[in-house]
Structures are given as structure tokens and as C-alpha cells.
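Working notes, structure below.
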Amino acid sequence: AAMISRTHAIERLFAAAGQLPSIPRVVQKMIETLRDEDADLLPLIGEIRTDPTISARVLKLANSGYYGSRRAVGSIDEAVSLIGTRAMRTLVISAGVSSSFPKVPGVDLQSLWRHALLTASIASQLARRAGENAERAYSAGLMLRVGQLMIHIAFPRVADEIMSECQGLGMSERATVEQHKLNTNHCEVGAELAMRWNFPDDISAALEYYCQPRNPDASLLARLAHVAAQCAFELEQQTAPEDIVQRLDNTVTDMCGLDAAGILQDIRSCAERADGDEQAD
């Protein structure tokens, strides 16, 4: 019975949200190439050049601290030569996903996406260390909070209640409150949106389980996303990187094959880039 009500709750939420947030066609194609290790990205990057809106967003991101480019990037070609085609793909996906939510009442989107980019960059660094695909980890980190946005669009009043009850709480506590009020939570809703947007199944599954990293069904990607989300959350609370590492759940970091020294290094380098970005704002 739980399964039926859960599916029903998700369906109801998507119905209440109205049409699916629309993602530019070229971004959709980029997302689909995540399934294929050998996909040729150059034709798609060519298409981005011809789309002024998405190119502008991509360049704005390429010039932010997260991509660590030391000089201003003036064109798509320059971005490709500076950061490479693979990183370009995650950049295009970031630009596309964030552009799909132009306005969400009650949500400070600028800070939400800043947090999402920080989570994504920590996730990709940790993934490299853990031997997991860094790009997929980046995409998962980026998408962790889209479920929250869908809840705000579908049920703004309940979403506001959830927000005020969850002030200063981490994402897992938040998922519990959502579940109680909505019969579903941002993890499941995000997983469903990722599926409808055609992200690979492993990314969708990571979103679904990232708040339950000890669940036997949680993949390495889900566990890495969990650790990254906690690190990003603590950084935003101004916690010192040494203290963040102390607060992580050792069982989960062990399951990921990560050690404290490695995590500390990754948190520091991501925090420095994020600080650079704050100044750039």
C-alpha cells in the first residue's frame, strides 16, 4: 500500500506543478550523452554557440569561481579550450537546469544555485577520490535540490511551512518533515524529475537515496552526494573545514572509501573557489 500512495503522491505533485519545467533542447541532448562514455560532444557544443540565451548563461558560469578559470572567458570556444569538453558538458547542464526555474515564489534561487554548484563541485572532487565518475557525481550534486523547487511550485503554502520548520536543519531532516506533510519528499521528487528529463538511471537513483546513505539500496553515487551535501551545508553555516570532517558520519565515508585527510583537502579547495565566487558577485 505504501508504494501505491507514494507513486500517487508524486503524480499528484507533478500534476499540481502544471507542466514540467522546460529544459532547452540542446541541454536535453547533453544530458542524454551522459549515458554514453564515448559520445561526441563537439556538435552539441556547436549548437550552444547558436543559442544566445544558453551561451550567455554558460559564459557567466564559466567565469564564476567554480570552474577555476584564472582569466575572463569571452566565448564558448575559449571556454572549451580552457576547461575541456567534459567540463563543458557539466557547465551546459548546470546552465540549463538552473534556467528551467526562472522564478519560484518563496525561494532565493541565487543562493539555492550557489549552494547547488558548491555541492556539485565537492561531489565531483570526492568522486574522483572514490573512483566514481566525476561528471555524474557533479550532475547528481547539482540536482539534489530540484525536488525542493518542484514542491514549492506545486504546493507553495505547504512548502513555506516546511521551510520555516526546517530552518537550519540539514537535508535529511528536511526530507522527514516533507514526507510527513506530503507523503513524499524532495529526494523522490528530484529522482522523478531527473527521470523525466532523461538523466541516466544511476543519477536518478542517487537523488532518491542520498538522504539515506546507510540504506543497502544506496549506491556509491548516492553516498558521495550525501557527504557532499553535508559538506556544502556546513560550509554555508561557516563551519571550519576541520570541524566539518569531524562531523561527518564515518560509517558513510568508509563505505565511500574516503579518508578524512582527502575529504579535508577537497572541502578546502572547493571552499576557496566558492569564496572567490562570492567576491565576484
Round to the nearest 0.05 the FRET efficiency obtained for Glu78 and Asp243 when R0 = 41 Å and r is the Cβ-Cβ distance. 0.55
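Once you have the Cα-Cα distance between Glu37 and Arg25, take 0.36 nm times their residue separation minus that, and quote the gain in nm to one decimal.
Details: separation 12, 0.36 × 12 = 4.32 nm, distance 2.03 nm.
Between Glu37 and Arg25, full extension yields an extra 2.3 nm.
Quick check for you: with a 1.4 Å probe and neighbouring chains kept, what is the accessible area per residue of region 12-112, in Å²? Spell out each step's value before the answer.
Working: 4930 Å² over 101 residues.
In whole numbers, region 12-112 has 49 Å² accessible per residue.
FRET efficiency for Asn215 and Asp51, Cβ-Cβ distance as r, R0 = 45 Å, nearest 0.05?
0.70
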Comparing Val97, Val189, Val107, which has the greatest mean-square fluctuation in the GNM of the chain with Cα pairs linked when under 10 Å apart? Val107
Could you pull out every one of the lysines with an alpha carbon less than 25 Å from that of Lys181, ignoring same-chain neighbours closer than 8 positions? Lys103
Build a GNM of the chain with springs between Cα atoms under 10 Å: which of Ser164, Ser139, Ser121 gets the top mean-square fluctuation? Ser164
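Test of understanding: given the chain, find the longest segment containing no trypsin sites (Lys or Arg not before Pro) that are in a DSSP loop and have at most 11 other Cβ atoms within 10 Å.
104-281
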Could you work out how far the C-alpha centroid of region 229-263 sits from that of region 206-222, in angstrom? 16 Å
Projecting each Cα onto the charge dipole of the chain (Lys/Arg +1, Asp/Glu -1 at the beta carbon, about the Cα centre), which of Gly141, Ala120, Ala154 comes out farthest on the positive side? Ala154
Taking the Cα centre as origin and putting +1 on Lys and Arg beta-carbons and -1 on Asp and Glu beta-carbons, what dipole magnitude results for region 94-214, to the nearest 20 debye? 260 debye
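The values are calculated or read from the model by the stated rules, or taken from the named source; none is laboratory data. Every value quoted in this text rests on a predicted model; they were computed, and no experiment measured them. Positions of Cβ are generated from backbone atoms using ideal geometry, with glycine treated the same way; all protein chains shown enter the neighbour counts. Remember, those area values only see protein heavy atoms, side chains included, never the ligands or the DNA or RNA. Shrake-Rupley method; radii C 1.70, N 1.55, O 1.52, S 1.80 Å.
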